[in-house]
Amino acid sequence: METTKEYTYAVVPQILSRNFYSDNESDYVGLFIQTPDNNQYYVVKALSKIKATSVDNDERDQAVGEYIQRWYPGHTYIYTITISKKGIESVTCTVANWVEVKGENIDIDLES
């Protein structure tokens, strides 16, 4: 039985890698699967190593065929990631929540 689900997330614009040429897994924004016994399997190790296939603007911030190394404000990034499993049955999965980090409040006075 084949099941397909679509997940949508909102993300704050950010750089997708600290060092594009690094092999250190902690240097990248990626996607991994963690099993209930805490094994982790990378589906996409580095989103920054994916190239843009189309751009709906003047290509000022991002050009077709170039690596998407950062998410810019005012842009929408759509990745289609197909995950298949073969020979595995009765497996369930969930999308884990992101770790939430809050900063302290600041007061800003806008002058007219």
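The values are calculated or read from the model by the stated rules, or taken from the named source; none is laboratory data. Everything quoted here is computed from the prediction, not taken from an experiment. Heavy atoms of the whole protein, side chains included, go into the accessibility calculation; ligands, DNA and RNA do not. Shrake-Rupley method; radii C 1.70, N 1.55, O 1.52, S 1.80 Å.
Values computed for the structure shown
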item	result
Selection count, the range 22-60, where residues are among the acidic types (Asp, Glu), open to solvent by less than 90 Å² (accessible area, probe 1.4 Å) and in a helix (DSSP H, G or I)	1
Complete set of residues in the range 11-21 that are assigned to a loop (DSSP other than H, G, I, E, B) and open to solvent by 70 Å² or more (accessible area, probe 1.4 Å)	Val12, Arg18, Asn19, Tyr21
Lone unmet requirement of (1) more than 26 Å from Glu6 (Cα to Cα); (2) open to solvent by 80 Å² or more (accessible area, probe 1.4 Å); (3) at pLDDT below 75 for Glu111	(3)
All positions within the range 61-84 that are more than 14 Å from the chain's Cα centre (by Cα) and outside any loop (DSSP other than H, G, I, E, B)	none
